[in-house]
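I have placed the structure first, in the form of C-alpha cells, so that the comments after it can refer back to it.
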Amino acid sequence: MKILVSACLLGICCRYDGRGNPKEWIQKLAGTEQLIPVCPEQLGGLPTPRPPVEWREGKALNCEGGDCTEAFLRGAQEALKLARLTGCELAILKARSPSCGSREIYDGTFSGRRIQGQGAAARLLSANGIRVFDETEAEKYLLEGISMAEAVKTAETVRYKSTDEIVDMAETAKAANANESETEGE
C-alpha cells in the first residue's frame, strides 16, 4: 500500500522550527509499505524554518500576524496532487499541524489551546476520499495488530470542511488582502 506521510514524521527537517519529528514505528512501517513523504507547507512555498502558524477566522496566520493562507491552500492542493499521482489511499499526518492535523488543531491564539478541526491538507485530502490519520491514531492501529489496509476499510472518515469551503476560505482571504491593500493605498 502507498501511504502519504508527513515528511517530518520520517525525520526530514521541514517543521516550522527547522527540525524533524521522527517516529521509529513509521520507519518500521517503511519495511512493509511504500511511504511517500510530503510537507504541504514547503510545497506551498513556505521556507524552513518559519514562524509558527495557526488558523483563526478562516485564515492561516503566523505568530507575527502574517497571512499564510494562500501558501497553506496551495500546499494542500500540491499534497492532493502528489497523493493522486502516486495512488495513495491513505495519509498519516502530523497531529495538530495547521496543514496536517486531522482531528484537532491549535485555536489561533498561540497559547497552546487545541480545538476540534483539521489542517488545510488534511481537510482537502479527506474531502477527496483519502483516509487521513494522525500519527497517534495510526500507531494505535498498528499496536493493536491492525494493518493500515484494514484501518482504511474500518476507520471513520472525519470531514470538517468540504473542498468548496476550502476554496471559499481562499477567496475570502484573497478578497480581504485586496481590501487591505486598497485601504493602505488611500
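The values are calculated or read from the model by the stated rules, or taken from the named source; none is laboratory data. Just so it is clear, the model here is predicted, and its values are computed rather than measured. A quick note on method: Cβ atoms are made from the backbone with ideal geometry, for glycine too, and the neighbour counts reach across all protein chains shown.
A compact table of results
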{"item": "Residues that are out of contact with any Cys (no Cβ under 8 Å at 6 or more places or on another chain) and in contact (Cβ under 8 Å) with a residue 12 or more places away in the chain, drawn from region 111-128", "result": "R114, Q116, G117, Q118, A120, R123, L124, L125, S126, A127, N128"}
{"item": "Matching helices (runs of 4 or more DSSP H) fully within region 20-137 where at least 2 residues are at pLDDT 95 or above and at negative phi", "result": "40-43, 69-86, 120-127"}
{"item": "K28 vs. criteria out of contact with any Phe, Trp or Tyr (no Cβ under 7 Å at 6 or more places or on another chain) and within 21 Å of E137 (Cβ to Cβ)", "result": "yes"}
{"item": "Selection from region 38-97 of residues that are basic (K, R), farther than 20 Å from I12 by Cα and without any contact (Cβ under 8 Å) to a residue 60 or more places away in the chain", "result": "R56, R74, K81, R84"}
